[in-house]
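Peer 1: Right, I'll just put the structure down here and ask away after.
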Amino acid sequence: MNEQTMTKLNEMKLDGMAQAYEEQIAKRDFQQMDFDERFSLLVDLEYSRRKSNKLQRLMKAASFLDATACIEDIEYHADRRLNKEQILKLASGTYLLDGHNIILKGPTGSGKTYLATAFGISACRQSFKVKYIRLPELLDELTLAKLAADGSYRKLIKKYTKVDLLILDEWLLTDLSTDEAAILLEISESRHKTVSTIYCSQIDPSGWHLKLGNETIAEAILDRIIHDSYQIMIDGDVSMRERHDLGQR
């Protein structure tokens, strides 16, 4: 009967429960426990394994550059002027439920990517779907898909619309063409008030108009981003790269 039960558990892909059941059979200590206690242990291990597997899938799909970034390791040096209470509140995921955005602004090496990734990993832990991508890569991908005229452009727009949290790094580092700005408008419009985006930028939002070029499109994009965003300035007399002697952080 034990073998039949194990076979059935494995066929149903209840691998965690099967492992716990096998352990209970092998160790006499478990025989002294009542049914409810033993069954609870079986369920707990299966639940933990599934949660762990789901987190791994979400993390892999997110394509983080640094999968070790976490809210707990953020450094609150006085010169960085980070509001710990605000960051912890955002990490709880309330902004995701409200469809709000986060704008991380600061000079190169200040730790924008690390903080954005930490927010992203925190979101994954809460079972939200996350995608990290550099803006130049996103625009290249969508521009090529648009030229293909085979329906792949609409599929990509839908793909990026469905993501609960989209992290756009290197936001507006260079001036955009009208076509590129139009692509950003479409993405901004499709995600507006329904899902969240984190923008990592070296430029204050007041200077985004110049980078977006087309005044009408720029105004429409900013209208869909700024009003629903938390803005965090990451300062510092010493860059995080210098503090840790790293090439990237």
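Peer 1: Pop out the carbon and sulfur fraction of the accessible area of region 8-140 as a percent, whole number, probe 1.4 Å.
Peer 2: The computed percentage sits at 52.
Peer 1: Each label point is 7 Å from the Cα along the Cα-to-Cβ direction; what then is the distance between the points at residue 206 and residue 129, in nm?
Peer 2: Between residue 206 and residue 129, the label points sit 3.8 nm apart.
Peer 1: Please give me the summed charge of the neighbours of residue 220: other residues whose Cβ is under 13 Å from its Cβ, Lys and Arg +1, Asp and Glu -1.
Peer 2: Combined, the nearby Lys, Arg, Asp and Glu give -4.
Peer 1: Oh, and also: Just from its helices, what would the mean residue ellipticity at 222 nm be for the chain, if runs of 4 or more DSSP H residues each count -39500 (n - 2.57) and the sum is divided by every residue, rounded to the nearest 500 deg cm²/dmol?
Peer 2: -17000 deg cm²/dmol
Peer 1: Among 41, 166, what's the order by accessible area (1.4 angstrom probe), most exposed first?
Peer 2: 41, 166
Peer 1: Just to confirm the filter: which trypsin sites (Lys or Arg not before Pro) across region 161-228 are DSSP coil and have at most 13 other Cβ within 10 angstrom of their Cβ?
Peer 2: Sites meeting the loop and neighbour criteria: 193.
Peer 1: Then there is this: What angle do you read, to the nearest 10 degrees and between 0 and 90, between the alpha-carbon axis of helix 35-62 and the longest principal axis of the chain?
Peer 2: So the helix axis and the longest Cα principal axis differ by about 30 degrees.
Peer 1: I've got another one for you. All other residues with a Cβ under 12 Å from the Cβ of residue 51 taken together, and with Lys, Arg as +1 and Asp, Glu as -1, what is their net charge?
Peer 2: +3
Peer 1: Compute the helix-to-body angle for 152-162: its Cα long axis versus the longest principal axis of the chain, expressed 0 to 90° and rounded to tens.
Peer 2: Its long axis makes an angle of about 70 degrees.
Peer 1: Provide the gained length on full extension for the span residue 235 to residue 12, in nm with one decimal, where the gain is 0.36 nm per separating residue minus the Cα-Cα distance.
Peer 2: 75.1 nm
Peer 1: Another question, then. How large is the Rg to Rh ratio of region 146-242 when both quantities use alpha carbon positions and Rh follows Kirkwood?
Peer 2: Taking Rg over the Kirkwood Rh, I get 1.00.
Peer 1: Could you list the GluC sites (Glu not before Pro) in region 41-133 that lie in coil according to DSSP, counting only those with at most 11 other Cβ atoms within 10 Å of their Cβ?
Peer 2: Those that pass, being in a loop and sparsely packed, number zero.
Peer 1: DSSP loop (so not H, G, I, E, B), at most 12 other Cβ within 10 Å: list which trypsin sites (Lys or Arg not before Pro) in region 1-54 pass both filters.
Peer 2: Here the sparse-neighbourhood loop sites are 13, 27.
Peer 1: Here's something else I'd like to know. Give me the log10 of I(q) over I(0) for the chain at q = 0.17 Å⁻¹, as the Debye formula computes it from C-alpha points; what are the numbers?
Peer 2: -1.22
Peer 1: Calculate the spin-label point distance for residue 147 paired with residue 50, positioning each point 7 Å from the Cα along the beta-carbon direction, and give it in nanometres.
Peer 2: Inter-label distance under the simple model: 4.6 nm.
Peer 1: Rounded, prolate or oblate: pick one for region 136-179, where a ≥ b ≥ c are the square roots of the eigenvalues of its C-alpha gyration tensor, a/c under 1.5 means rounded, and failing that, prolate if a/b is larger than b/c, else oblate.
Peer 2: oblate
The values are calculated or read from the model by the stated rules, or taken from the named source; none is laboratory data. Here the structure is a predicted model, which is why all the values come from computation and not from measurement. Cβ sites come from the backbone with ideal geometry, for glycine too, and all protein chains shown count toward neighbours. For the accessible areas, the whole protein counts, side chains as well, though only heavy atoms, and no ligand, DNA or RNA atoms are used. Shrake-Rupley method; radii C 1.70, N 1.55, O 1.52, S 1.80 Å.
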